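All remarks here apply to the structure that follows.
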Amino acid sequence: MKRSLLTFMTLAALSTSLYAYSQADRIKDMRTMAQALSDVQKGILYNNKKLVHEGVSHLKTASGNIQIAPKNAMDYSSVFAKDQAANIVKYADRLDKSMKEGQKHAALTEYTSVLNQCVSCHNKIRKWNR
Ligand code: HEC
């Protein structure tokens, strides 16, 4: 009896973490990513590798959350969102590596690639496309 209650609660907690991604959560992650990107830009300008690295790490954590997007509520599919998130992580890793190697121009190019992922998703949201 106790065990099945525990199983039920574990499953409930799991499904909550998988599906209850609200608009408020989304906005929070978006703001985290925007802040992370501005830290990255600052880090490149100030030659502060640690700041770049921290920004990249925040960016990657938050972008991992945005893959869950219900198609009925949004104007894009969750598959698209997943691809965007994967691209953000890929370019962010390259950016971090370039910065570590002192390649600031390369880091900036990758920074732009990340930003392009953000904007291409935002452009898919109809009300932002005007
Ligand atoms: C898969 C789609 C998707 C991707 C990728 C994406 N966004 Fe968003 N973004 C959204 C949606 C959806 C909203 C909310 C739009 C609304 O309902 O107003 C949003 C809103 C925002 C906002 C406004 C938050 C507010 O306070 O209202 C910011 C800032 C933002 N995104 C930054 C970013 C940054 C930075 C990236 C890239 C690192 C990014 N987004 C990538 C879908 C995306």
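Each reported figure results from applying straightforward, stated rules to the coordinates on display, with no laboratory input. Predicted model only: the values in this text are computed from it and were never measured. Neighbour counts run over all protein chains shown; Cβ positions are idealised from the backbone, glycine included.
What to note about this one:
- Length gained when the stretch Gln23-Glu54 is fully extended (0.36 nm per residue, less Cα-Cα span): 8.6 nm
- Prolate/oblate/rounded label for the range 22-128 (Cα gyration tensor, a/c 1.5): prolate
- Which of Ser120, Ser22 has the fewest Cβ neighbours within 10 Å, and the rest in rising order: Ser22, Ser120
- Distance between modelled label sites at Ser120 and Lys100, nm, 7 Å Cα→Cβ extension: 2.6
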